[in-house]
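Below is one structure; the comments refer to it alone.
Read-outs throughout are calculated quantities, based only on the coordinates presented, and are distinct from any laboratory measurement. Please read all numbers here as calculations on a predicted model, not as lab measurements. Cβ placement follows ideal geometry from the backbone for every residue including glycine, while neighbour counts extend to all protein chains displayed.
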Amino acid sequence: MVYGSEKATWRRVAGVLAQAAASAPTYRHAAEIMPIIDEALAVSSGAGVFFLGPEPLEHPEIRQLITGAVSAGTQRIGVRTSGRPLADASSADELISAGVRVFEVSLLGSCSETHDPLAGAEGSFAAAAIGVRAVLDAAEARGVRVVVRGRLGVCRHTLQDLPAAVRRFAEMRVTSIVLACPGTLESRRFAEWIAAACDTGTVNRVWVAVSDLALETLGDKALHAVDVITMNEAG
Amino acid sequence: MNATPHQKVALVAMNSVGYHSLALGYVQAWAQADQRLVGKSGFMTLDLDVEVDPLWVAYRVAGLAPDVVGFSVTCWNACAIYDACRLVRQILPDTYIVVGGPEVTPIAEEVLDAQPAIDAVVRGEGEETFAELLVTLIKGRSPWRVEGVTARRDEEVISAPDRPLITDLDAIPSPYLTGVLELVEAGAYIETYRGCPRRCGYCFEGKGFGRIRSFSRERVEAEVAHLTSVLGLRSFSFIDPIFNLTRERLEWLTGVMEPRARAGVCLHTIEVDIERIGPEEAAMLRRAGVVSVETGPQSVGARALETCHRSFDRDRFVAELDPGVLQMSTLHVLPGTDLWQRAEEVGLSYNPSPPHEVVSTGEITFPDLRRLEVMGNALMSHYRARV
């Protein structure tokens, strides 16, 4: 479920996020989105709903959308977030209470020094780490099973930090990580670092999936082309 | 006043957390009922968790100072038990150490060759054989002559002939009705038959039990009544390989359980053949108080299943499948199974140490298997995260 542009290449991602933070994004209203959810569930009753966008948790009607998705019968609801909104007091618990079970947290580096400049927001790495912890603590307190999934944008700026970022995500106790590659990736230049990131995940017992990269580039790591979540964009 | 037994017998199991060993319950119940042992042998069972350190297993055994100690060995606890046996041998050099169970039965001689601390292996069904072994030891006779036993004679390892299967399972005293088993809420399970109609290459259920033998319905009903009405358990399980073995059997067990289910008793972790569960059978399971079932052919790959001689109705399986929990792991090649014997032929490489996990196959490398394990764990977590 997309309510903003996901088409930007990762070369532009820092700028896009910075722009989103600096200016008020435009939102599609809940009344417009709910029929899309209903339609998706009509086609497949077991479908999950994943809210994407620059920052779905800042959508003014996000609680209403989550409640609506639960009422419509979906059993799996996820959000893709920078993680910052989760650091706000009680936010994580409220989202779990509303029905969110998958939290995909996007990072652009393994630490504040590498992540924050690319994200265009000082303190955003620390906030994301606090947010991940808040989700896991809230879920444990409620006795609810949730998944925190890491998302790492792959570009020339993040490349050499990927293995360390995977390690950092593993320390945060995420369940899986996706390396989001842009379609324009120069495969051979990137293959070595992506392979190292995959191996870092395996030895830390966290699955690393690589999206949008040619199988031949992954070589003997071809299994990492398999993700544990399949997403069909519905709108 | 009771006379002190001549022969102190300790039985040791290392179980999944929260469970007691039904196998050792049977062994003790049979031996206690053997008139030749009455007044001569005293029994104590140690039901320990599989995570207990072998040092503490040896400590507990040493505290009992038994003349004979018997360990129930599965692929999951074998390494820990072998460690414990070595320690017991050092601490109690005169104690006779016996092991039995599915892990050691098919490889009894290899076990004695590799584990000098162990004196004997009870192969196959242990109830009658273990009691015979105790009688033999009391009389100072040769253990290697006891049917179903593999034992040492000086430097040699000798296997006596196999013991025939127990024809009438009701001849085994019930560990529940005799009070041998101390009960734990949700940790008790009842066996209604032995054997399995399937011949899956990876499984030990049908191994050595060529035909299905059942406990009588009266016996099963008495055990259910004892657990629920006398002891007041609210949750237990059946250990049968296939709960819905036949429609008629399912109807009977539903009838036995339904009044208890109405009173709040539930059955957990029942193994079913999901391809034979339609709406009517599902309704019966609900009426029987079944709250969770397990099913799984170990693979959904047609060629893998064919290699394992496992028939599989993929369409029915998928149609009926909406599980609450997925369990995934790499396969373990169990001693005595068809896969164990054909491993080289089908290209399987596995760890020779228990639990004998597959290391690689003809098509999947060791690194890819490790990756699949991590991926499977993530998939299980994602699957469980639902509203």
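Using alpha-carbon pairs under 8 Å, 6+ residues apart, how would you state the relative contact order of the stretch B:187-278 in percent?
So the answer I get is 32 percent.
If you take every DSSP beta bridge fully contained in the protein assembly as shown, what fraction is antiparallel? Give it as a percent rounded to 5.
Taking every DSSP beta bridge with both residues in the protein assembly as shown, the antiparallel ones total about 20 percent.
Only Cα pairs under 8 Å and at least 6 apart count here; give the relative contact order of chain B as a rounded whole percent.
Contact order relative to length: 12 percent.
What is the extension gain from B:ARG211 to B:VAL300, computed as 0.36 nm multiplied by their sequence separation minus the C-alpha to C-alpha distance, in nm to one decimal?
29.4 nm
Under a cut-off of 13 Å between alpha-carbon atoms, report the aspartates and glutamates in cross-link reach of A:LYS221, not counting same-chain residues fewer than 8 places apart.
Candidates past the 8-residue exclusion: A:GLU192, A:ASP199, B:ASP368.
Any chance you could run the full-extension gain for A:GLU140 through A:GLN64? It's 0.36 nm times the residue separation minus the Cα-Cα distance, nm to one decimal.
24.9 nm
Going by the alpha-carbon gyration tensor, a ≥ b ≥ c the square roots of its eigenvalues, is the stretch B:62-163 rounded (a/c under 1.5) or, if a/c is not under 1.5, prolate (a/b greater than b/c) versus oblate?
It comes out rounded by the Cα gyration axes.
For the residue pair B:ASN351 and A:ALA196, what label-to-label distance in nm results when each label sits 7 Å from Cα along the Cα-to-beta-carbon direction?
Each label point is offset 7 Å from its Cα along the Cβ direction, giving 3.0 nm.
Under a crude label model (7 Å from the Cα following the beta-carbon direction), how far is B:GLU280 from A:VAL43 in nanometres?
Rounded to a tenth, the inter-label distance reads 3.8 nm.
So for the pair A:ALA225, A:ALA72, with labels modelled 7 Å out along Cα→Cβ, what separation do we get in nm?
Here the answer is 3.2 nm between the modelled labels.
Calculate, for B:GLU258 and B:ARG141, the FRET efficiency according to 1/(1 + (r/R0)^6) with r their C-beta to C-beta distance and R0 60 Å; round to the nearest 0.05.
0.70
If I take R0 = 56 Å and measure r between the Cβ atoms of B:LEU231 and A:ALA126 in this structure, what FRET efficiency does the formula 1/(1 + (r/R0)^6) give, to the nearest 0.05?
My answer for the efficiency is 0.50.
At 222 nm, what helix-only mean residue ellipticity would chain B give, in deg cm²/dmol to the nearest 500, using -39500 (n - 2.57) for each DSSP H run of four or more?
-10000 deg cm²/dmol
By how many nm would the segment from B:LEU165 to B:GLN341 grow when fully extended, if each residue of separation counts as 0.36 nm and the alpha-carbon distance is taken off?
Once the chain is fully extended between B:LEU165 and B:GLN341, it gains 61.1 nm.
Just to verify a number: FRET efficiency for A:ARG205 and A:ALA31, C-beta to C-beta distance, R0 = 51 Å, to 0.05?
Efficiency for this residue pair is about 0.75.
So for the stretch B:322-387, averaging the separation of alpha carbon pairs under 8 Å that are six or more residues apart and normalising by length, what relative contact order in percent results?
Rounded, it is 37 percent for the stretch B:322-387.
On a straight-distance basis, which aspartates and glutamates could pair with B:LYS8 in a cross-link, Cα separation under 19 angstrom, same-chain partners fewer than 8 positions away excluded?
Output for B:LYS8: B:ASP34, B:ASP47, B:ASP67, B:ASP94, B:ASP119, B:GLU127, B:GLU128, B:GLU132.
Rounded to the nearest 5, what % of the DSSP beta bridges within chain B are antiparallel ones?
30 percent
What ranking do B:TYR59, B:TYR26 get, fewest neighbouring Cβ atoms within 10 angstrom at the top?
Arranged by neighbour count, lowest to highest, B:TYR59, B:TYR26 become B:TYR59, B:TYR26.
Could you line up A:ARG84, B:ARG234 from fewest to most neighbouring Cβ atoms inside 10 Å?
B:ARG234, A:ARG84
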